[in-house]
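Colleague: Once you've had a glance at the structure underneath, I'll fire off some questions.
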Amino acid sequence: MVNLHSENSEDFYSDIYLAFFLPHSLCSERSLYKKQKSKQMIVSITKIELISYSKLLTFFSFNGQIINELKQSKSKKYKLTGSWNLKDWYTMTLWLNEKDISDFYRNGTHLNAMQQSKTFSSKIQSRRIYKDELISWKEAKKLF
C-alpha cells in the first residue's frame, strides 16, 4: 500500500514506483528493497554542561581517554566542540547499530566517566538520530 502522507517526497515516489512497476509476485523483493533503502546509521549527540570552570581539567582528562577509546571502537566518525564560555561541550558520534553504541558506552573510560559525571557536570543530555553522516553543529545544537 502506498503511503500518501509520507514526509519525504523521495520515499513517496519510490513507493509509487514499487507499487505499480514491481510485480506483485516479487513482494518479498519489494519489502527487502524498502528495508535496505531505509537502513541508516545512528548519530549520537551529547551535550555536557560543566558545573564550573574548575572542572575543565577533570572533563578534559576523561574526554582525552574517551577519544582514544573511540578511535579503537566501532564508531565510524566522531567530533567534539565546546561553546564560547567553555562550560557547554558537545560530542557527536556515528555508529552502524545500537549494539556497537552500547558496547562502547557501557565499558571502559566512558562507563567510569558516566559514573563520576555528577562531580564535574550539572547536566548531561543525549539525542540519537538516524543519518548516513554526522550533521553540522548548528543543526545538532538545535536538538537541545
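Colleague: Can you name every residue in segment 54-71 that is of a type outside the set (Val, Ile, Thr) and in contact with a strand residue (DSSP E or B) (Cβ under 8 Å, 6 or more places away or on another chain)? Can you show your working first?
Modeller: Applying the first criterion (of a type outside the set (Val, Ile, Thr)) to segment 54-71 yields 54-57, 59-65, 68-71.
Across segment 54-71, the qualifying residues are 55, 56, 59, 63, 70.
Colleague: Another question, if that's okay. Among what's in segment 22-60 and is of a type in the set (Lys, Arg) and within 28 Å of residue 130 (Cα to Cα), pick the residue that is modelled with the highest pLDDT. If you could, list the steps in order and put the result at the bottom.
Modeller: Step one: of segment 22-60, the residues of a type in the set (Lys, Arg) are 30, 34-35, 37, 39, 47, 55.
In the following step, the residues that additionally are within 28 Å of residue 130 (Cα to Cα) were identified as 30, 34-35, 37, 39, 47.
Details: 30: 44, 34: 46, 35: 45, 37: 44, 39: 71, 47: 94.
By that ranking, first place goes to 47.
Colleague: While we're here: Which one of the conditions (1) farther than 19 Å from residue 133 by Cα; (2) surrounded by 13 or more Cβ atoms within 10 Å (Cβ to Cβ) does residue 78 fail to meet, given that it meets all the rest?
Modeller: Here residue 78 meets the rest and fails (1).
The values are calculated or read from the model by the stated rules, or taken from the named source; none is laboratory data. These figures come from a predicted structure and were not determined experimentally. Reconstructed Cβ throughout: ideal geometry from the backbone, glycine too, with neighbour counts over all protein chains shown.
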